[in-house]
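Undergrad: Take a look at this one; I'll ask things after.
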Amino acid sequence: MKIGLLFDMRNPVRWERPWADHYARTLEFCEEADRRGIGGLWFTEHHRFEDGYLPQPLTMAAAAAARTRHARIGTSVVLPALREPAHLAEEAALVDLISGGRLELGVGAGYRKPEFQLFGVPYERRVSRAGQAVGEVRRLWEERAVTPGPLQSPVPVWGGFYGPRGARMAGRAGMGYLNLSRPMFEHYRAGLAEGGHDVNAARAGGVLFLTLADDPEAVWPRLVPHVVHQRNSYRLGWAEGRDEPEPELLDPDRDGDELRELHRVLTPEQAARHIQDLARGLPVEHVILFASIAGMPDDLVVRHMELCAEELPALLGSGRDAAAPDVPVVPDVPVVPDVELALTD
């Protein structure tokens, strides 16, 4: 089991810094995290977010790969429905080569209509397009139809889907599953069996909404506005995906208890106990925490990284090079959903 950090590159106006500085500092941060022993550096994708959410994760992954030597380099997730499969195969292969064979390719369907409109892709076909694109990427690699090809054979591919249909699709395709919801994992295992894959070869990973700190009670008030920004941004995005009215947004004065449930701030010792208490025997290979929450202060970001890279793995008996434990990680907060895929194409 490896502890990783997820970068969405949000740069909200309220805390905005020059974009070139923002990216340069993030790459320096990746280099330092790698030096300290972080297990993975993961990059995500969305388009048309007002705060500049990362639009090109493989570009950022390549830059991070060139600055690091040890951490796995992942996407959680890239949206293949918005790309030509040959381009995706080439881009991902180059990241794998630049990284020396460290790529973990996580894919998802997406859930916001504006980003599909931007690329002229039918929103209603996003799920089938994603599945078809992944199959085509794998075929291109296997047949060496793109050059250069990836260093790894095969490249680990993960499905970051939500809902029974998405879970089964990931399983049938023989992907790992980037969603730590236990009910969805059972659908994933069923999909593995349906696809003729060994259910004992199931692989799990996913995102925790958790920040590490030496003094959580002191850090929480400083983190609240950033958590509110992130969670409200997701709420608006999910509503766009379902053609729902604008949702009720979180208010820190009214919704303090709910915010603490949505995003935990814990010491490494508390986090380790929390993770161990929630473990249910799933074959978890990657536990991924957001590196920064929507422009949170640099000192909190740096200390969070240090604790994730050095103290938490030691407390869990894991690390960058450790094998998956017999009792791996299962958080109680699922990865950010792609919206119920069973309701789409």
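A short reminder: the numbers here are calculations on the coordinates, not readings from a lab. Note that this is a predicted model, so its numbers are computed, not measured. Note that each Cβ is placed from the backbone with ideal geometry, even for glycine, and that neighbours are counted across all protein chains shown.
Undergrad: Looking at the chain as a GNM with Cα springs under 10 Å, which of TRP15, TRP158, TRP238 has the largest mean-square fluctuation?
TA: Highest fluctuation of the listed residues: TRP15.
Undergrad: Exposure proxy check: HIS22, HIS286 ranked by fewest other beta carbons within 10 Å? It would help to have the intermediate numbers written out before the result.
TA: Values: HIS22 15, HIS286 29.
By the 10 Å Cβ count, ascending: HIS22, HIS286.
Undergrad: Just to be sure I understand, if you calculate Rg and Dmax of the Cα atoms in Å for this structure, which of (i) 21.2, 73; (ii) 24.6, 79; (iii) 18.8, 57 do you get?
TA: The value computed from this structure is option (iii).
Undergrad: Right, here's the next one. Loop-only trypsin sites (Lys or Arg not before Pro) in the range 197-279, please: DSSP not H, G, I, E or B, and at most 12 other Cβ atoms within 10 Å. Mind showing how you got there, number by number?
TA: Details: sites: ARG203, ARG222, ARG231, ARG235, ARG242, ARG254, ARG260, ARG264, ARG273; in loops: ARG203, ARG254.
Hits after loop and neighbour filter: ARG254.
Undergrad: On to the next question. Taking the number of other C-beta atoms within 10 Å as the exposure measure, put ASP298, ASP34 in order starting with the fewest.
TA: Details: ASP298 12, ASP34 22.
Fewest-to-most ranking of ASP298, ASP34: ASP298, ASP34.
Undergrad: Check each of the GluC sites (Glu not before Pro) in the range 10-85 and keep only those in coil by DSSP with at most 14 other C-beta atoms within 10 angstrom; list them in order. Walk me through the numbers on the way to the answer.
TA: Values: sites: GLU16, GLU28, GLU31, GLU32, GLU45, GLU50; in loops: GLU16, GLU45, GLU50.
When the GluC sites (Glu not before Pro) of the range 10-85 are filtered for loop state and at most 14 Cβ neighbours within 10 Å, GLU16, GLU50 remain.
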